[in-house]
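Below is one structure, written out as structure tokens; the observations come after it.
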């Protein structure tokens, strides 16, 4: 939850954010009313995927950047 509080503070300061979280936290992310969230299908504690999977991590980062550029509404939650 502290990530959500930090994101709201950054957003209030004019710095756009995207939170990358595992899908199992979807309900909690919705309750927190966060600006932009990218949900990944990975294991708890590994929202960016498996260690050393450079290709997968870059893909997730690219999707997060795309979400940052295209999200039209506050509270946008999308699946990877």
Whole-Å semi-axes of the ellipsoid equivalent to the chain (Cα gyration tensor, √5λ, descending): 20, 14, 11
Tilt relative to the chain, helix 2-12 - C-alpha long axis, 0 to 90 degrees, to 10: 50
Which of 5, 42 has the fewest Cβ neighbours within 10 Å, and the rest in rising order: 5, 42
Mean separation of Cα contacts under 8 Å (6+ apart) over length of the chain, as relative contact order %: 33
Label-point gap, in nm, between residue 24 and residue 66 - each point 7 angstrom along Cα→Cβ: 2.6
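The numbers here are math on the coordinates, done by the rules we state, and not lab data. Please read these numbers as outputs of a predicted model, since none were measured by experiment. Glycine gets a Cβ as well: all are built from the backbone with ideal geometry, and neighbour counts include every protein chain shown.
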